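The values are calculated or read from the model by the stated rules, or taken from the named source; none is laboratory data. Since we're looking at a predicted model, the values are computed, not measured. Heads up, the Cβs are rebuilt from the backbone with ideal geometry, glycines too, and the neighbour counts pull from every protein chain shown.
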């Protein structure tokens, strides 16, 4: 099963919008708070400097920063096919 991970921070509008849309599409995800030790370093190691950062599996092609409803819809459709 593909793991979706959302690196988020408190009081982040784009983070909230990302989580809300993932929830609306019923995409399960692991939430990582970038204010927790190690999570900020992990995000920087991936090459991102802005929250939220979303990773889907291990593919560098399936990682992005910011609120991207088009990418979320694409991931939701792909995961639905995987689970069918």
Turns out the helices (runs of 4 or more DSSP H) fully within the chain with at least 1 residues that are modelled with pLDDT under 95 are 39-46, 69-82
Taking segment 29-48 and the residues there that are touching a helix residue (DSSP H, G or I) at 6+ places or on another chain (Cβ under 8 Å) and closer than 18 Å to residue 68 by Cβ, the one that is surrounded by the most Cβ atoms within 10 Å (Cβ to Cβ) would be 34
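Step by step: first the residues of segment 49-58, then only those that are within 13 Å of the chain's Cα centre (by Cα) and free of Cβ contacts under 8 Å to residues at least 40 places away in the same chain, then the one that is surrounded by the fewest Cβ atoms within 10 Å (Cβ to Cβ). Which residue is that?
Looking at the filtered set, the residue picked out is 58.
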